[in-house]
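Peer 1: Supplied in structure tokens, the structure appears directly below.
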Amino acid sequence: MFKRLSLTLVIILLISMCITAGVALNEIHVSIRERFKNTLQLSAIWMREEWPEEEAPDRTAARLREKVQEDFGLPLRITIIRPDGQVSYDNEADAAKMNQHDQRPEVVAVLGGKAFAEDVRFSVSTGLDMMYGAIMDETHDAVIRLSLPLPLREQVFLRFSSKILWVLAFFLLFSVGAAAFLTRRYTRPLDALCHEATRMGEGDYSARIPASNGKDFREIRQLSTAFNEMADSLQEQQLEMEDKNARLNAILNAMMDPLLLVDRGHCLRYVNEEAKSVFGRSIDPEEHAYPQLLLTHSDGIDEWVSRSIQEEKDLETRLSVKTLSGERHFRSQFSPISVGGQVLGVVVALHDLSAEEEAAIYRRDFAANVSHELKTPLTSIRGFLETLRAGEDLPQETRQRFYDIMDVESIRLENLINDILSLSEIEQGEVKQKESFDLREVVDEVLVLLDDKASARKTVLLSDPVDEPLAVSADRDHIKQILINLIDNAIKYGRERGRVMVSTHRDEEDQVVIEVTDDGPGIPYENQKRIFERFYRVDKGRSRELGGTGLGLSIVKHLAQLYHGEATLSSVPGQGSSFKVTLEI
């Protein structure tokens, strides 16, 4: 305010000074011109009266020049012109060499009967702008013409105008200083009030106006006191509101379920942290009102919000909603918020049922798969037993073949039960026996263990040609089980007369990486996503024929998760497969 008001006053003063200076300088300019004109006219009259009839003009002209120089300090030029225009005398030039002057405006005017004539123009003989004045001298039958150089007039003008401008400049500085002092005195409290009001408008309720020193206007003192009292009240209310909001936010953000507050226009007004995490959006509705669809992308939630607003009652339903981790199932509750009989918005609470449904599906699928896998060998064994029991006259070779098949099925049944028990133990999520050992030594043990199987398929088993040990800390049986499952699968499902490569190392994140690569037929792309599922087989007939239980890779995955790692597959059909397991050991 001080700057604006001071600038306004300065501009007004400047405009006033400029107008005053312009009028004064113009008057001075006109006054000097009149002074020069009067000097020329009086001087011409003096010469006409003081020039004797018998005296040469040069003597009278000299007296006149001396008098004008003494009285006014001006260099007067005197020219005597005959009626025919011939110059008979000039005190600054050779009259014989001068041009005819009968066409000079002042001469023409005087010869035409005018008592005194003047003109301003450029003089070729002097090279200056001149003011000319002329009168008729009937006694000598000649025109007396006097002239003064205009630069002298400008010098006089500058001398006078500089003094005026100095006076005006002093007055301007004095006025500006006085205006600044008075403006500062009366605007300081108003500036303070505006500044503190701005702080309060930005949310800083600690803003206060300093106590008045008694020199301010009474109205300003009253306004300052009222402002400070209002600020005290608002700050107290703000602190109380912030405390309530903090407790409410803590409660809402501690909830394990996503919670949304949607207004009548279907825009979000509040989103708890769980909702931001579930939907993968770091939005803040308190800064901008976002459409609900921008967060959930669910038309179903939008429809049920509309129903809750229209019916003005709590509603509940089950909805499938796409989230950051995929489609999930929620038990959705919609509770309208009413103030003064009008619904202002709806609270949407989403309880995730996906884990419960997945667990139920897993239990059903696992029970069905286990039943199916157990039923197949049991049915086979029971069928051969009944055949043997009823066929007492069966040849010994046939009986032996049946015994061999029953033995294979019983071994398969035993392996299946052992794998199920291992998987159940792993899913408990505990490492019971932890020890330090050399991982590469365990790799060599497993390769020796599976050497006969590899020889039967003429498969070459290779490992890292590194003599340096790789120290790890884990349950040795767990690591051995990972290696056996991966290498055994590579031998069974890889190419006959193929090659299996086992490599181990530590990565940049200090995790141990176990990688088993074969050069077999590879795994089709459509099967790769499900390869680690329980009882999932790419070729079910061949898997059972080779004695697979369908749980080996699932055990590998769960063991990797037990050690905070993961199991991944990289395979190109026709170019082999590579199973990689990372472990924090």
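The values are calculated or read from the model by the stated rules, or taken from the named source; none is laboratory data. The structure displayed is predicted, hence computed values, not measured ones. Note that each Cβ is placed from the backbone with ideal geometry, even for glycine, and that neighbours are counted across all protein chains shown. Please note that ligands, DNA and RNA were not included when accessible areas were found on the heavy atoms of the full protein model with its side chains. Shrake-Rupley method; radii C 1.70, N 1.55, O 1.52, S 1.80 Å.
Peer 1: Quick one: with all protein chains in place, what share of the accessible area of region 231-342 is carbon or sulfur, to the nearest percent (1.4 Å probe)?
Peer 2: Answer for region 231-342: carbon and sulfur cover 47 percent of the accessible area.
Peer 1: Under a 5 Å amide H to amide H cut-off, with H placed in plane at 1.01 Å, what residues pair with ASP464 once short-range neighbours are removed?
Peer 2: Residues meeting the amide H criterion: VAL502, THR504.
Peer 1: Kindly state, to the nearest 0.05, the FRET efficiency for GLN575 paired with ARG497, given R0 = 25 Å and r defined as their beta-carbon distance.
Peer 2: That gives a FRET efficiency of 0.95.
Peer 1: Just the accessible area for SER570, please: 1.4 Å probe, Å², rounded to the nearest 10?
Peer 2: Near enough 80 Å² of accessible area.
Peer 1: Can I ask one more? Given a cut-off of under 8 Å on Cα pairs at least six residues apart, what relative contact order in percent is computed for region 59-102?
Peer 2: That works out to 26 percent.
Peer 1: Another question, then. Roughly how much of CYS194 is accessible, in Å² to the nearest 10, using a 1.4 Å probe?
Peer 2: Number for this one is 70 Å².
Peer 1: Another one. In whole Hz, with x marking every Gly and Pro, tabulate ³J(HN,Hα) for region 140-145 from phi via Karplus 6.51 cos²θ - 1.76 cosθ + 1.60, θ = phi - 60°.
Peer 2: Couplings: 9, 6, 8, 9, 8, 10 Hz.
Peer 1: Can I ask one more? Could you compute how much accessible surface PHE384 exposes when probed at 1.4 Å, giving the result in Å² to the nearest 10?
Peer 2: 40 Å²
Peer 1: Here's another thing I want to ask about it. Based on alpha-carbon centroids, what's the gap between region 477-507 and region 15-68 in Å, whole number please?
Peer 2: Taking the Cα centre of each part, region 477-507 and region 15-68 sit 124 Å apart.
Peer 1: Calculate, in nm to one decimal, what ARG59 and ARG199 gain on full extension: separation in residues at 0.36 nm each, minus their alpha carbon distance. Mind dumping the intermediate values first?
Peer 2: Working: separation 140, 0.36 × 140 = 50.40 nm, distance 8.89 nm.
Gain in length upon complete extension: 41.5 nm.
Peer 1: Please pull out the direction-averaged projected area of region 27-122, using the convex hull of its alpha-carbon atoms, in nm² to one decimal place. Present the calculation step by step, with values, prior to reporting the outcome.
Peer 2: On the way: hull surface 28.0 nm².
So the Cα hull casts an average projection of 7.0 nm².
Peer 1: If you don't mind, another one. Per residue of region 508-517, what does 6.51 cos²θ - 1.76 cosθ + 1.60 with θ = phi - 60° give for ³J(HN,Hα)? Whole Hz please, x for Gly and Pro, Karplus curve as stated.
Peer 2: So the J values, rounded to whole Hz, are 5, 8, 6, 9, 7, 10, 10, 10, 10, 10.
Peer 1: List, in order, the whole-Hz ³J(HN,Hα) value for each residue of region 198-210 obtained from phi through the Karplus relation with A = 6.51, B = -1.76, C = 1.60 and θ = phi - 60°; use x for Gly and Pro.
Peer 2: So the J values, rounded to whole Hz, are 5, 4, 5, x, 7, x, 8, 7, 8, 5, 9, 9, x.
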